[in-house]
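Participant: Have a look at the structure that comes next, please.
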Amino acid sequence: MSSPQATGGGNFFEDFRPGTVIEHWPARTLTDADQTLYTGLFGGRHAPQNSAEFAKALGFAARPLDDMLVFHIVFGKTVQDVSLNAIANLGYADCRFLAPVYSGDTLHARTEVIGTRENANRESGIVYVRSRGFNQRGEEVLTFARW
C-alpha cells in the first residue's frame, strides 16, 4: 500500500493492519483560486488569510491559505484508500496545524494505520488512522487522527 500508484476501489476492514503506511497520490498544488473559491463558499474567518499586509506584519512570508481548506484537501486525499468503503467516519481527534501553507505549495498525504477493532458481528470493524499532510519540501503541515 505504500507506492505512488493509481488508486483502485478502496480498502475494506480486513485490508488494514496496524503499522501499515499508505502514501496518497497524486499530490495537489493549491492556488489563490482555491482560496478564493473556499472563502466564497465558507467565508473568511481569520485576518491573516484575508489580508496579505496583515499576514506579513505578523511575520508570515505571504498570506497563508485557510487552515480548513488545507484540512479538507489533505483529508480528501485519504478517502480513496482509507474510507471509500466505510459506513461512517466516526470521529476525528488531535488535529494540529503545524506550518502555514501558501498558494503554490504542493501537498501530499500519508496515513498510518494505528489500530483496528473487530465489531461483535465479526463482519466489520473500526480502523484507527493518523493522517499527515506534507508540503513539497517534505515539511509536515497538518496531522490528525480519525476512526
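Participant: What base-10 log of the normalised intensity I(q)/I(0) is obtained for the stretch 42-115 from the Debye formula, alpha carbons as equal point scatterers, at q = 0.17, 0.25, 0.27 Å⁻¹?
Facilitator: At q = 0.17, 0.25, 0.27 Å⁻¹ the computed log10 ratios are -0.77, -1.24, -1.37.
Participant: For the chain, with all protein chains present and a 1.4 Å probe, just round the carbon and sulfur fraction of the accessible area to a whole percent.
Facilitator: Taking all protein chains in place, the chain shows 54 percent carbon and sulfur surface.
Participant: Which percent of Cα-Cα pairs in the stretch 21-78 sits in each 10 Å bin, short to long?
Facilitator: 22, 47, 24, 7
Participant: What whole number of Å gives the distance from the Cα centroid of the stretch 28-64 to the Cα centroid of the stretch 78-145?
Facilitator: Measuring centre to centre over Cα atoms gives 24 Å.
Participant: Let me ask you something else. Which peptide among 21-34, 66-79 comes first, and what is the full order, when sorted by highest mean count of other Cβ atoms within 10 Å?
Facilitator: 66-79, 21-34
Participant: How high is the relative contact order of the stretch 66-147, given as a whole-number percent (alpha carbon pairs under 8 Å, six or more residues apart)?
Facilitator: Here the relative contact order equals 34 percent.
Participant: Convert 4 °C to kelvin, take the viscosity as 1.567 mPa s, use the Kirkwood radius over C-alpha pairs of the stretch 87-147 as Rh, and evaluate the Stokes-Einstein diffusion coefficient in µm²/s, rounded to a whole number.
Facilitator: Once the numbers are plugged in, D ends up at 99 µm²/s.
Participant: Could you work out the helix-only [θ] at 222 nm for the chain, with each DSSP H run of four or more residues adding -39,500 (n - 2.57) and the total divided by the number of residues, to the nearest 500 deg cm²/dmol?
Facilitator: -7000 deg cm²/dmol
Participant: Give me the accessible area per residue for the stretch 1-111, probe 1.4 Å, as a whole number in Å². Don't skip to the end; give the middle numbers.
Facilitator: Numbers: 6230 Å² over 111 residues.
In whole numbers, the stretch 1-111 has 56 Å² accessible per residue.
Participant: Right, another one. How large is log10 I(q)/I(0) at q = 0.18 Å⁻¹ when the Debye formula is applied to the Cα atoms of the stretch 55-97, each weighted equally and without solvent?
Facilitator: For the stretch 55-97, the Cα-only Debye profile gives -0.67.
Participant: About its Cα centre, how strong a charge dipole does the stretch 1-115 have in debye, to the nearest 20, once Lys and Arg get +1 and Asp and Glu get -1 at the Cβ? Don't jump to the answer; show the numbers that get you there.
Facilitator: Values: 8 positive and 12 negative charges, 37 e Å.
Here the stretch 1-115 has a charge dipole of around 180 debye.
Participant: Helix 67-82 versus the longest principal axis of the chain: what is the Cα-based angle in degrees, 0 to 90, to the nearest 10?
Facilitator: That works out to roughly 20 degrees.
Participant: While we're here: Determine Rg/Rh for the chain; Rg is computed over alpha-carbon atoms and Rh is the Kirkwood hydrodynamic estimate from the same atoms.
Facilitator: Rg divided by Rh gives 1.03.
Participant: Ordered by residue, what ³J(HN,Hα) values in Hz, to whole numbers, does the stretch 105-118 give under the Karplus form 6.51 cos²θ - 1.76 cosθ + 1.60, where θ = phi - 60° and Gly and Pro are x?
Facilitator: Working through the residues one at a time gives 6, 10, 10, 10, 10, 9, 10, 10, 6, 9, x, 9, 9, 6 Hz.
Participant: While we're here: Quote the relative contact order of the chain in percent (integer), defining contacts as alpha-carbon pairs under 8 Å separated by 6+ residues.
Facilitator: Reported relative contact order: 29 percent.
Participant: Helix 32-42 versus the longest principal axis of the chain: what angle, 0 to 90°, nearest 10, using Cα atoms?
Facilitator: Rounded to the nearest ten degrees, it is 80.
Participant: Considering only Arg17, Arg132, Arg122, give the residue with the highest GNM mean-square fluctuation for the chain, with springs between Cα atoms whenever their separation is below 10 Å.
Facilitator: In the Gaussian network model the winner is Arg122.
The values are calculated or read from the model by the stated rules, or taken from the named source; none is laboratory data. Predicted, not measured: the structure shown is a model, and the values here were computed from it. No Cβ is skipped: glycine too gets one built from the backbone with ideal geometry, and neighbour counts run over all protein chains shown. SASA here: full protein model, heavy atoms, side chains in, ligands and nucleic acids out. Shrake-Rupley method; radii C 1.70, N 1.55, O 1.52, S 1.80 Å.
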